[in-house]
1. Residues in the range 337-351 that are modelled with pLDDT under 85 and charged (D, E, K, R): how many?
2. Identify, from the list 247, 199, 269, 172, the residue that is aromatic (Phe, Trp, Tyr) and more than 20 Å from the chain's Cα centre (by Cα).
3. On the basis of being modelled with pLDDT of 90 or more, loosely packed, with under 13 Cβ neighbours inside 10 Å, part of a helix (DSSP H, G or I) and of a type outside the set (S, T, N, Q), does residue 248 make the cut?
4. Tally time: how many residues in the range 108-128 are surrounded by 15 or more Cβ atoms within 10 Å (Cβ to Cβ) and either in a helix (DSSP H, G or I) or without any contact (Cβ under 8 Å) to a residue 40 or more places away in the chain (or both)?
5. If you go through the range 211-231, how many residues are at pLDDT 95 or above and more than 17 Å from residue 267 (Cβ to Cβ)?
6. In the range 216-232, is there at least one residue being buried (at least 19 other Cβ atoms within 10 Å of the Cβ), aromatic (Phe, Trp, Tyr) and touching a Phe, Trp or Tyr at 6+ places or on another chain (Cβ under 8 Å)?
7. Can you report the number of residues in the range 277-328 which are assigned to a strand (DSSP E or B), more than 30 Å from residue 262 (Cβ to Cβ) and among the aromatic types (Phe, Trp, Tyr)?
8. Can you pull out the residues in the range 109-144 that are in contact with a Lys or Arg (Cβ under 7 Å, 6 or more places away or on another chain) and within 19 Å of residue 156 (Cα to Cα)?
Amino acid sequence: MTMLHSFDTLFLQPDLENHPRTRALIRRIPHRKLESIDRLEEFSRKQRLDPSRSVIRAKYNLALSPYRGRLVEACPASPGARCCRYRVINLVSGCPLDCSYCVLQGYLNRPTIHVFPDLEKVFREVDAELADSPAHPLRYGTGELSDSLALDHLTGFSAELVEFFGNRPRCWFELKTKTVNVGNLLGLNKAPSNIVVSWSVNPQSVIDSEEAGAPAIAQRLAAARLVQEKGFHLGFHFDPVFHFRGWEDHYRKLVEDIYAVARPGNVAWISLGCLRFSPWLMPYFHERFSRHPLLAGELHPVPPDGKYRYPQAVRIDIYRKLYRWIRDFDPEVYVYLCMENAAAFRWALGREVGEDDLAVERGFPAPPKM
């Protein structure tokens, strides 16, 4: 198991100084400098002069502040993509891992990881949404602007989130991670049946090349085994998938390794998504990862969102093969594509997808009754 991350500087909003979650987090980071958040703008202005250095510096600066706006939002799907209507909860913004392909290094562009400790605000927003009695089961998750568990040894958010969503059985809640930071989950009294703990996965060769600071795939699957034994459903996200010489052997082996651990029937869903990135990430790639061959594949800007992607025929071939290998082990598991158009669903998975009736309405399993 890998060493857990900590911080050397903590910026604090004075209004949150006496918040119980703030006090608990500060106790868990004993060897750090404590700064007023008033100094953060000056610090950020200096760091923005060197964006690449700012990305690295952010891994060791933590800011605690109130969140201005909604904490629960719709997943920002690309134009033209068929969205699964995922609901994202932004309690943490920024990630201590340093994956080469990560959109956050350009999207956030600030030298801090932000934590927003007001879970009560999340709970109010979720309850208001569920009170509207949506026609399809909603899925919520915290893995959009950060890794769901990378800082859980400091925040302890997972235990409160699992308790809250476990008492709302007509929706799903997902924790998505690349880490093995599952201690708080293993310490819970029970694993509610509508909670999914998911891992982003890649072959070890890709992890070694592109996922700095992330645990090995064997470590992730060992953590998944422990979580499954505790009673949680599992999920897996093959995202991003890289296309390279011999990719089939690497990814077929990855599927085999997953199902040496995961029990068919206990995997709630699996998503597939090929490498993609916006043009504004190019300066970060050139400066920070110019020697990474996996980022130098045959990628082209594809309308309507203009993101760089593999040619559609390549992506469909990848999805078809992965889908077949997964189905060989788990014929009933729900598999879906992330950030892909209707044609990709049709040609890769043999499923028609309409504008308003994607997967989650008719394909994702309904949350179990409790």
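The values are calculated or read from the model by the stated rules, or taken from the named source; none is laboratory data. Quantities reported herein were computed from a predicted structural model and do not represent experimental measurements. Note that we place each Cβ from the backbone using ideal geometry, even for glycine, and neighbour counts take in every protein chain shown.
1. So the count comes out to 1.
2. Working: 199 fails: more than 20 Å from the chain's Cα centre (by Cα); 269 fails: more than 20 Å from the chain's Cα centre (by Cα); 172 fails: more than 20 Å from the chain's Cα centre (by Cα).
Only one candidate qualifies: 247.
3. no
4. Start the filter on the range 108-128 by keeping residues that are surrounded by 15 or more Cβ atoms within 10 Å (Cβ to Cβ), which leaves 108-119, 121-123, 125-126.
In the following step, the residues that additionally are either in a helix (DSSP H, G or I) or without any contact (Cβ under 8 Å) to a residue 40 or more places away in the chain (or both) were identified as 119, 121-123, 125-126.
The number of residues fulfilling the criteria is 6.
5. Kept after step one, since they are at pLDDT 95 or above, are these residues of the range 211-231: 211, 214-231.
Those left that are additionally more than 17 Å from residue 267 (Cβ to Cβ): 211, 214-216, 218-219.
Residues flagged as at pLDDT 95 or above and more than 17 Å from residue 267 (Cβ to Cβ) within the range 211-231 amount to 6.
6. no
7. Residues of the range 277-328 that are assigned to a strand (DSSP E or B), as a first pass: 277, 300-302, 307-309.
Now narrow it down to the ones that are more than 30 Å from residue 262 (Cβ to Cβ): 300-302, 307-308.
Applying the additional criterion that residues be among the aromatic types (Phe, Trp, Tyr) yields 308.
Residues meeting the conditions: 1.
8. Across the range 109-144, the qualifying residues are 117, 140, 141, 143.
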